[in-house]
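Below you'll find the structure, written out as structure tokens, and then a few comments.
The values are calculated or read from the model by the stated rules, or taken from the named source; none is laboratory data. What you are looking at is a predicted structure, and each value in this text was computed from that prediction instead of being measured. Here the Cβ positions follow ideal geometry from the backbone for every residue, glycine too, while neighbour counts run over all protein chains shown.
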């Protein structure tokens with residue numbers, strides 16, 4: 001038994017490391033702690049490897065995007081806006097939300113077609129869906145839009161199913177925690193936004 005566990009750990013340590021850093025990332029995200037960005041970069045690095053060997057090619061490519069957006073978000077959160085030093089949590093403007101949904105759907109169709117006909121991905125449309133909406137949700141996180149949490153709730157729910165199908169059990173557990181924390185994150189950010197509005201009104 002011990003030997004079996006040791007063997008499993010030796011072959012899945014990268015996934016486990018990514019899982020641990022991913023949990024730290026989501027905790028810092030809920031707290032709106034700026035250290036979430038460097039942790040996010042490290043997490044993405046681990047998952048480039050995990051997704052490559054699992055043939056989740058769209059998700060693998062997504063990690064490189066995460067690294068770029070993490071740098072952007074890090075800069076944006078440090079420098080703030082002209083009006084306020086700290087970026088406040090806000091609702092996504094209607095026009096922005098509409099455009100984000102349109103872009104997400106276009107990305108999903110394009111990625112799904114590519115994965116279905118040009119790769120050996122076993123779940124091209126599921127992979128495309130989670131990748132497309134993760135791309136736009138991460139950008140929304142960088143802008144501190146409240147609704148990014150709603151995107152993550154849906155993405156995480158779909159991801160759990162996909163990872164169980166591929167027997168990526170530690171990652172499945174991670175995304176179940178992500179799903180739960182996304183709900184907590186939405187509640188906490190909404191409270192933060194309401195508090196911020198009250199302080200501004202005073």
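Values computed for the structure shown
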quantity: Qualifying residues in the stretch 74-98 (those that are assigned to a helix (DSSP H, G or I), within 21 Å of residue 194 (Cα to Cα) and under 20 Å from the mean Cα position of the chain (by Cα)) - the one modelled with the lowest pLDDT; calculated: 77
quantity: Flag if residue 96 is over 23 Å from residue 51 (Cβ atoms) and touching a strand residue (DSSP E or B) at 6+ places or on another chain (Cβ under 8 Å); calculated: yes
quantity: Filter result (surrounded by fewer than 20 Cβ atoms within 10 Å (Cβ to Cβ) and outside any helix (DSSP H, G or I)) within the stretch 48-63; calculated: 55
quantity: Odd one out for residue 154, checked against (1) surrounded by fewer than 17 Cβ atoms within 10 Å (Cβ to Cβ); (2) modelled with pLDDT of 95 or more; (3) closer than 17 Å to residue 19 by Cα; calculated: (3)
quantity: Failed item, numbered, when residue 101 is tested on (1) modelled with pLDDT under 95; (2) on the phi < 0 side of the Ramachandran plot; calculated: (1)
quantity: Test: residue in the stretch 122-135 that is surrounded by fewer than 15 Cβ atoms within 10 Å (Cβ to Cβ) and either touching a strand residue (DSSP E or B) at 6+ places or on another chain (Cβ under 8 Å) or not in a helix (DSSP H, G or I) (or both); calculated: yes
quantity: Looking only at the stretch 4-47, and only at residues there that are over 30 Å from residue 190 (Cβ atoms) and surrounded by 20 or more Cβ atoms within 10 Å (Cβ to Cβ), the one that is modelled with the highest pLDDT; calculated: 46
quantity: Evaluation of residue 172 against (1) under 22 Å from residue 15 (Cβ atoms); (2) surrounded by 20 or more Cβ atoms within 10 Å (Cβ to Cβ); (3) modelled with pLDDT under 95 (one fails), failing number; calculated: (2)
